[in-house]
Amino acid sequence: MPASLSVVPRLGLTLGDPAGIGPEVMLAALAQTDASRRARVRLFTTEGLVPWLTGLLAEHGLALARSPHGPGLELVVLDPSGRPDAAPCPGEASAAGRWQAFRAIDALVEDAISGGLDVMVTGPVTKGIFDHLTPRPPGQTEFLAGRMGAERFAMLLAGPQLRVVPVTTHVPLRQVADLLSTAGIYAAASAAAADLRRWFGIAAPRLAVCGLNPHAGEGGRVGHEEATVIAPAVALLRAEGVDAVGPLPADALFHQALSGRWDVVICMFHDQALGPLKTAHFGDALNMTCGLPIPRLSPDHGTAFELAGRGQADPGSCVAALQRALHIGVLRRQRTIDGASDA
């Protein structure tokens, strides 16, 4: 689609913790894709990081847009609000870096809420960036969902062949059974199904819902959650016309999903989802928060401080996130022009 002012999508971008691998992989991905040539990419940063970031942009062959309109890369420079603001030392986490990362995502979501963005792309952070908030959100997914008033949301991890949704995320394994609920499974699965229709072009998504226990509970011999918690959620989904099946034994269904039988696997806990995904798509999967009024994409990995500044970090996941964000942004702008909704 030829770029013009009316159809150029507006992408908001954060680099994550400046001492982690986020800056190098996100900017490498920008250089490897045509995102800044087809979209207006607004990169959020604090004032004290501008000299460092300007040098990093030059290293990646990235130039700022000369025009305030049309496609190109634009810096959104934030007031440090009296907090310490210093250039990062790669691999060394700091309170200043956590604050810089928080300021960027906080401004990003404000811009999205005010209508300034079509898509958000966020870099990797540590959970500590939210330590000053009460209640403290578990991560960026929950922070964004709370700020944007999303009633149903889910973390979707997507590679070329496999997509997974963990119903519970960063919680101790011993707490998973107590945290699972029929309502929670239904909310995550329905949010994922809706966004697979909206943004992945899958008209009737096929959902496989994992059991929690070995052999999906084996008829109650190895646990009761399948019958009392998971099966009722599947029944609710099917009552709404969603093609959902389960609970199914998790040890077999990922092979079926990789073979194309399912469009997404709904998993009960973090490693049930992320283990198979990263085995199949360690370097080319993306993370998407389903259910938000403004879509959000990110790489599927963390800050990896031990790799920062060494030139060893793989930008593949960021490339996948940016490419999907650009696709979604174009869709949203076209729908706006056509007077259609995102539903």
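The values are calculated or read from the model by the stated rules, or taken from the named source; none is laboratory data. Please read all numbers here as calculations on a predicted model, not as lab measurements. Every residue, glycine among them, receives a Cβ derived from its backbone with ideal geometry; neighbour counts consider all protein chains shown. Remember, those area values only see protein heavy atoms, side chains included, never the ligands or the DNA or RNA. Shrake-Rupley method; radii C 1.70, N 1.55, O 1.52, S 1.80 Å.
When residues in the range 14-69 are screened for being more than 25 Å from residue 305 (Cα to Cα) and among the aliphatic types (A, V, I, L, M), 6 of them pass. Tell me, please, whether a residue that is crowded, with 21+ Cβ neighbours inside 10 Å, over 24 Å from residue 34 (Cα atoms) and of a type outside the set (A, V, I, L, M) can be found in the range 298-316. Scanning the range 298-316, I find at least one residue that is crowded, with 21+ Cβ neighbours inside 10 Å, over 24 Å from residue 34 (Cα atoms) and of a type outside the set (A, V, I, L, M), so the answer is yes.
Looking across the range 218-243, just one residue is outside any helix (DSSP H, G or I), aliphatic (A, V, I, L, M) and more than 17 Å from residue 257 (Cβ to Cβ), and that is 222. Can you list the strands (runs of 3 or more DSSP E) lying wholly within the range 131-217 that have 3 or more residues being hydrophobic (A, V, I, L, M, F, W, C), out of contact with any Ser or Thr (no Cβ under 7 Å at 6 or more places or on another chain) and at pLDDT 95 or above? Of the strands (runs of 3 or more DSSP E) lying wholly inside the range 131-217, those with at least 3 residues that are hydrophobic (A, V, I, L, M, F, W, C), out of contact with any Ser or Thr (no Cβ under 7 Å at 6 or more places or on another chain) and at pLDDT 95 or above span 154-158, 206-210. Annotation for the range 123-141: at least one member residue is more than 28 Å from residue 306 (Cα to Cα) and open to solvent by 40 Å² or more (accessible area, probe 1.4 Å).
The one condition from (1) out of contact with any Pro (no Cβ under 8 Å at 6 or more places or on another chain); (2) part of a helix (DSSP H, G or I); (3) not hydrophobic (A, V, I, L, M, F, W, C) that residue 36 does not meet is (1). Taking the listed residues 51, 23, the one that is assigned to a helix (DSSP H, G or I), over 23 Å from residue 139 (Cβ atoms) and either in contact with a strand residue (DSSP E or B) (Cβ under 6 Å, 6 or more places away or on another chain) or not polar (S, T, N, Q) (or both) is 51, with no other qualifying.
Per this entry, residue 294 is not counted among residues that are open to solvent by less than 40 Å² (accessible area, probe 1.4 Å) and either basic (Lys, Arg) or within 17 Å of residue 196 (Cβ to Cβ) (or both). Here residue 279 passes the criteria (1) closer than 16 Å to residue 165 by Cα; (2) open to solvent by less than 30 Å² (accessible area, probe 1.4 Å); (3) part of a helix (DSSP H, G or I) except the one numbered (2). When we screen 75, 11, 43 for residues that are open to solvent by 30 Å² or more (accessible area, probe 1.4 Å), in a strand (DSSP E or B) and among the hydrophobic types (A, V, I, L, M, F, W, C), the only hit is 75. Taken over the range 186-219, the criterion of being among the β-branched types (Val, Ile, Thr) and open to solvent by less than 20 Å² (accessible area, probe 1.4 Å) is satisfied by 209 alone. Inside the range 222-249, residues that are open to solvent by less than 30 Å² (accessible area, probe 1.4 Å) and at pLDDT below 95 make up a count of 1.
Confirm whether residue 253 is assigned to a helix (DSSP H, G or I), surrounded by 18 or more Cβ atoms within 10 Å (Cβ to Cβ) and touching a Cys at 6+ places or on another chain (Cβ under 9 Å). The answer is yes for residue 253.
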